[in-house]
Amino acid sequence: MVKRTPEGRWLPGASANPKGKARITTAGLALSETIRKATQEGAELAEIALEIARNEDNRPADRLDAIEYLTTRGFGKPSETTSVETDSGTVIGIGVHGLPLKQFSDDELRQMLREAQRREMPVA
């Protein structure tokens with residue numbers, strides 16, 4: 001059992017994932033190689049997604065999913081940013097890669113900003 005403080009925080013050295021990030025298995029590598037060979041390095045997959053995105057007879061949700069597929073694989077998933085007013089009244093932009101910022105309250109975003117400043121992390 002993983003030990004936590006009474007507030008629910010992890011104790012130093014404790015982790016919910018003690019084995020770390022899952023490694024790519026030999027089977028996973030073989031599958032991705034098979035997909036690459038069968039789809040001309042993914043070009044056929046991109047063509048299918050383009051066909052779905054361009055076909056106005058498809059459901060809008062399907063077209064948007066195809067567009068998202070193409071853009072995230074072509075350009076990478078963007079960092080989400082927002083503007084936050086600090087305690088001193090300064091408005092700045094912050095971003096959190098891979099986390100939807102709308103799930104955080106203004107107070108939580110301000111706390112994240114303070115933590116980034118405390119650690120001297122770059123703040124855009």
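The values are calculated or read from the model by the stated rules, or taken from the named source; none is laboratory data. Quick caveat, the model's predicted, so the values are computed rather than measured. Please note: Cβ atoms are built from the backbone with ideal geometry, for glycine as well, and neighbour counts cover all protein chains shown.
Numbers for the structure displayed
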| read-out | value |
| --- | --- |
| Condition met for Glu56 (modelled with pLDDT of 85 or more, farther than 30 Å from Leu31 by Cα and among the charged types (D, E, K, R)) | yes |
| Test: residue in region 96-109 that is in contact with a strand residue (DSSP E or B) (Cβ under 6 Å, 6 or more places away or on another chain) and modelled with pLDDT of 65 or more | yes |
